[in-house]
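Below: the structure, in structure tokens.
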Amino acid sequence: MHREFMMGNEAMALGALTAGVNVVAGYPGTPSTEVLETVARRRPEGVYVEWSVNEKAALEVAAGAAYAGARALVTMKQVGLNVASDPLMSLSYIGVKGGMVVLVADDPGPISSQTEQDTRTFAAYAKLPILDPSSPSEAYAMMCEAFELSEELGCPVIVRPTTRVDHGYEDVLVAGPEEWAHHEAEGFVRDPSRWVIFPALSVRAHAAIERRDAALAGRLSGYARNTVTQTAGPDARPRLGVATHGISATYVAENLGEKDDVRVLRVATPYPFPEDLAADFLDGLDEVLCVEELDPVIERALVATCGRRGLTVKICGKLTGDIQPSGENTVESVGRALDAFLGRQTAVVPTPAPPTLPVRPPVLCAGCPHRASFYAVKRAMRGRKTLFCGDIGCYTLGNAKPLDMVDTCLCMGAGINIAQGVTHVEPDTTAFAFVGDSTFFASGITGVVNAFYNQANMTLVVLDNSTTAMTGHQPHPGTGRTMMGQVVEKVSIERVLRAIGLTVVETVDPLDLDAAVSAVRRVADEPGVKAIIFRSPCVVLAKPQSTSAVDAERCVGCQRCVRELGCPALVPDDATGKVRIDAAQCTGCTLCEQICPTHAISGGERL
Amino acid sequence: MSERRCTNVILAGVGGQGAVLASKLLARAAMERGLPVKTAETIGMAQRGGSVFSHVRLGEGAVSPLIGRGRADAIVAFEPAEAVRQLPFLRAGGVVVTSDVPVVPVSAATGGPAYDLSAIMSYLHEHVGEKNLAVVDAAAAEAELGTARALNVVLLGAAARAGALGPVTLDDLAAAVRATVSPRFLDLDLAALHRAKGTVTFARSCVQK
């Protein structure tokens, strides 16, 4: 064992490797992405790793490996679990042979997600055991325990970190490769009575699951990570209790000292809920504050425990308005709630109102080809009744002014179908659906098939920057690279579209503005479903050839470039109104050169 | 709750300024001293030109990776508006080390709030207090070093000299730079740590440090 300073996601990857994981699959999504990347970077010979096409595929690949007796890990973010929920719900009934861990990263806030859903709730719905770590070190240890538990019970086990555990760093005591377990998979043993789901199997399996989880709940009361502690020592007789979990447990610890007389329950296994331990915790208490993030899972379980056991303890938390019902907890939000609960006074140092600060919403990078694509469509469709359906990726940022080119965004791949639905109601609208290359493969293709089959009238715009940019540049089927380091044949977006039946499929460089605008005009006027593929590499990966510069003599300070493009490299001078280009950011994409009315900008060279 | 021995530092800036790298460097420097370290930072959507921060907690006594409001010993800001944005986290008597060069967002030119540098700087002077504020002349540092790339290291060096990093010294940071920075940037980052000495304009009593 040795100490390494690492992120929670790296710790969980090493935990899986320590447990002898054989197969790892996932789909990128903040805050989960680094788990699989770390496995890929540090895996020994014989460990298979892939970025799957989406979370459903990833979960099924991992399930297949676990059917064959391998230890398998699948990684995703919380909304990815929605995509993977179909196989997961059934897999809960079928079970696994090799240990299988489903790592789902939740995102309280949300900081980088569409929803604030709680995978602890999902685990109870799916009837699968779930572990909820409080720190990178604990997350590391829990991965090994989760594999053991999964193999013993014969069902997948969920490990659910949240953003602050995923992306928090600390020095973690980890095993070196020579200490990692080696797990030999037995192979798939044919047994249709076990692996083929039918109602008769499900009837039996459901009853067995209920028996198993009831027994497991009792056993988990003795699990060392479900703890009851007292701030004033083991002999104190506190009347007040705090129930918490995950990262919130650390905020509770930051806000409690020896002067407080409180009993603290920390729940590491929200499902099955360790009710016997909870009853011990409740014994002798008058009131409990549940400090949770996302859903009031522990709070509801404690209310139920009191009801079942006839205990008269008041349970407070989100449901009583004592803890914020949504959003991320913080050290101070928990501190305020504890102050109120314990009747403490904490001196508040008022901060005088600051001056108005600039706002910094995330923006498309300087030189991003998505800016050019959106601008070309905007320019081509000026004056027409249009609908611009967006999707999930960097290009969601096309919503920002001045582009303002995203009318809808729902979930991965949705834009293509939303566009169809709107035009059924408003046939006179010229509808566009923007989708990135990775999202196209993840869940866009079925939408195009649906549109083509059902005779929709819309333009698909594939923003192909040949990477999964938003989550940190993961390879996908269109990149010709795999996570195993192989160079493979690329899946061609053009050929996929033509195979579906589309006859109008144009590929254009969006940074060639005139060509891009005329392609949009031409394609949008065709009947039926048609596609434009805007192809230009992500500027974060590509090396700029040269940068653009403004000739101050010729710049008349009209700021058309700033107003139309909103590129962060274009910096207007407050005094003169003239524009300067920040060479540190400029990639020489030439888009501003192409729209400058006085031709004052030059020197760029597009990639 | 009251007697924590750890040093709490917040690094603040704009996506791309190297806040995450700086926090790694600071963590490494502290670990070379044998101190436990916890950090939390912004990763993901906010990196695209958004405000970014790293919370770095050095020494025993830290449980949570996040620092509570009013509990940071120091704020090291690569950009003055971001220093102000993080100011509610500073404890009474805490230190602020900031660059004086603003990064003006696109939003300021497209209808969002303007960037009022003088209001921001005078707010810092007024509310941090002269003896706890160190302003780094980032333009001079850039001119000396020939690049703005090492601004994060310049600020860390200035913070160490201002005594803002608790037990972590300039030598610890230099050791961390040698251990982690690629050979291509090693000389630049070491120069940024040391040569920045002349470019730091400490407000009054900080000059003595």
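The values are calculated or read from the model by the stated rules, or taken from the named source; none is laboratory data. If you're wondering where the values come from, they're calculated on a predicted model, not measured in any experiment. Here Cβ is always computed from backbone atoms with ideal geometry, including for glycine, and neighbour counts include all displayed protein chains. Protein only, heavy atoms only, side chains kept; ligands, DNA and RNA dropped before computing areas. Shrake-Rupley method; radii C 1.70, N 1.55, O 1.52, S 1.80 Å.
How big is the dipole moment of the stretch A:374-441 about its Cα centre under a simple scheme where the beta carbon of each Lys and Arg is +1, that of each Asp and Glu is -1, and everything else is neutral? Debye, nearest 20, please. Walk me through the numbers on the way to the answer.
Numbers: 6 positive and 6 negative charges, 67 e Å.
That gives the stretch A:374-441 a dipole magnitude of about 320 debye.
Working from Cα positions, state the angle (0 to 90°, nearest 10) between the long axis of helix A:199-220 and the longest principal axis of chain A.
Long axis of A:199-220 versus the principal axis of chain A: about 60 degrees.
Please tell me the relative contact order of chain B in percent, rounded to the nearest whole number, where contacts are Cα pairs under 8 Å and at least six residues apart. Each step should come with its number before you reach the end.
Values: 406 pairs, mean separation 45.4, N = 209.
Normalised by residue count, the contact order of chain B is 22 percent.
Amide H of A:VAL550: which non-local residues (sequence gap of 5 or more, or other chain) have their own amide H closer than 5 Å, using H built in the peptide plane?
A:ILE581
If you take the accessible area of A alone, add that of B alone, and subtract the area of the pair, what total do you get in Å², probe 1.4 Å, to the nearest 100?
On the way: alone 26000 and 10150 Å², together 31820 Å².
Counting both chains, the buried surface is close to 4300 Å².
Probe of 1.4 angstrom, ligands and nucleic acids ignored: what's the accessible area per residue over the protein assembly as shown, in square angstrom? Don't jump to the answer; show the numbers that get you there.
Numbers: 31820 Å² over 816 residues.
Per residue, the protein assembly as shown has 39 Å² of solvent-accessible surface.
At 1.4 Å probe size, with the rest of the protein present, what percent of the exposed accessible area of the protein assembly as shown is carbon and sulfur atoms? Intermediate values should be presented prior to the final figure.
Values: 16990 of 31820 Å².
Percent of accessible area from carbon and sulfur atoms in the protein assembly as shown: 53.
So if I place +1 on the C-beta of Lys and Arg and -1 on the C-beta of Asp and Glu, and nothing else carries charge, what would the dipole magnitude of the stretch B:7-208 be about its Cα centre? I want it in debye, nearest 20. Kindly include the intermediate steps, with their values, before the conclusion.
Details: 18 positive and 17 negative charges, 92 e Å.
Magnitude of the dipole: close to 440 debye.
If amide H atoms are built 1.01 Å from N in the plane of the peptide, which residues on other chains or at least 5 residues away come under 5 Å of the amide H of A:PHE5?
Residues meeting the criterion, in which the H sits 1.01 Å from N, are A:VAL172.
Assuming 0.36 nm per residue, please report the length gained on full extension of the stretch A:ASP582 to A:LEU541 beyond their Cα-Cα distance. Present the calculation step by step, with values, prior to reporting the outcome.
Numbers: separation 41, 0.36 × 41 = 14.76 nm, distance 1.90 nm.
Working it through step by step, the gained length comes to 12.9 nm.
What residues of the stretch B:109-138 lose no less than 50 Å² of accessible area with every protein chain in place versus their chain by itself (probe 1.4 Å, heavy atoms only)?
Correct list: B:ALA109, B:THR110, B:PRO113, B:TYR123.
Given axes a ≥ b ≥ c from the Cα gyration tensor, I'd like to know whether the stretch A:369-535 is rounded (a/c under 1.5), prolate (a/b larger than b/c) or oblate. All intermediate terms of the calculation are to be shown ahead of the outcome.
Details: a/c = 1.55, a/b = 1.34, b/c = 1.16.
The shape class here is prolate.
Just how large is the dipole of the protein assembly as shown about the Cα centre, in debye to the nearest 20, putting +1 at every Lys and Arg Cβ and -1 at every Asp and Glu Cβ?
So the magnitude is around 620 debye.
Say the cut-off is 29 Å between C-alpha atoms; which of A:LYS56/A:LYS543; A:LYS543/B:LYS24; A:LYS259/A:LYS314; A:LYS385/A:LYS543; A:LYS401/A:LYS543 go over it? All intermediate terms of the calculation are to be shown ahead of the outcome.
Numbers: A:LYS56/A:LYS543 35 Å; A:LYS543/B:LYS24 25 Å; A:LYS259/A:LYS314 23 Å; A:LYS385/A:LYS543 38 Å; A:LYS401/A:LYS543 27 Å.
Violating the 29 Å Cα-Cα cut-off are A:LYS56/A:LYS543; A:LYS385/A:LYS543.
Which net charge results when you count Lys and Arg as +1 and Asp and Glu as -1 among the other residues whose beta-carbon is under 12 Å from that of A:THR227? Kindly include the intermediate steps, with their values, before the conclusion.
On the way: positive: A:ARG225, A:ARG263, A:ARG266; negative: A:GLU138, A:ASP280.
With Lys, Arg at +1 and Asp, Glu at -1, the neighbours total +1.
May I ask you to list the aspartates and glutamates whose Cα is less than 13 Å away from that of A:LYS530, ignoring any residue fewer than eight positions away on the same chain?
A:GLU494, A:GLU506
Kindly express, to the nearest 10 degrees and within the range 0 to 90, the angle between helix A:136-153's C-alpha long axis and the longest C-alpha principal axis of chain A.
70 degrees
List the longest stretch of chain A that has no exposed loop site; here a site is one of the GluC sites (Glu not before Pro) assigned by DSSP to anything other than H, G, I, E or B, with at most 13 other Cβ within 10 Å.
Values: sites that count: A:GLU45, A:GLU184, A:GLU186, A:GLU258, A:GLU489, A:GLU553, A:GLU605.
Longest stretch, sites excluded: A:259-488.
Provide a list, ordered by number, of residues in the stretch A:461-493 showing at least 40 Å² less accessible area with every protein chain present than when their chain is taken on its own, using a 1.4 Å probe.
Residues losing area: A:MET470.
Between B:ALA143 and A:ASN450, what is the label-point separation in nm under the 7 Å Cα-to-beta-carbon projection?
The two pseudo-label positions are separated by 6.1 nm.
Can you figure out the FRET efficiency of A:ARG308 with A:GLU494, using R₀ = 45 Å and their beta-carbon distance, to the nearest 0.05? Can you show the working numbers first?
Values: r = 61 Å, r/R0 = 1.36.
Given R0 = 45 Å and the Cβ-Cβ separation, E is 0.15.
Just name one of A:HIS473, A:MET381, A:ALA531: the one whose Cα is farthest towards the positive end of the charge dipole of the stretch A:369-535 (beta-carbon charges, Lys/Arg +1, Asp/Glu -1).
A:MET381
Once you order the gyration tensor axes a ≥ b ≥ c over the Cα atoms, which shape class does the protein assembly as shown get: rounded for a/c under 1.5, otherwise prolate or oblate by comparing a/b with b/c? Provide the component values of the computation, followed by the final result.
Values: a/c = 1.75, a/b = 1.10, b/c = 1.59.
Oblate, since a/c reaches 1.5 and b/c is not below a/b.
Suppose we compare each residue of the stretch A:148-183 in its chain alone and in the full protein complex with a 1.4 Å probe; which ones drop by at least 20 Å² of accessible area?
With the partner chains in place, the stretch A:148-183 has these residues losing at least 20 Å²: A:ARG164, A:HIS167, A:TYR169, A:GLU170, A:ASP171.
Sequence gap at least 6, Cα distance under 8 Å: using those rules, report the relative contact order of the stretch A:2-220 to the nearest whole percent.
Working: 467 pairs, mean separation 63.2, N = 219.
Result for the stretch A:2-220 is 29 percent.
In degrees between 0 and 90, to the nearest 10, how far off the longest principal axis of chain A does helix A:513-524 point, with axes built from Cα atoms?
80 degrees
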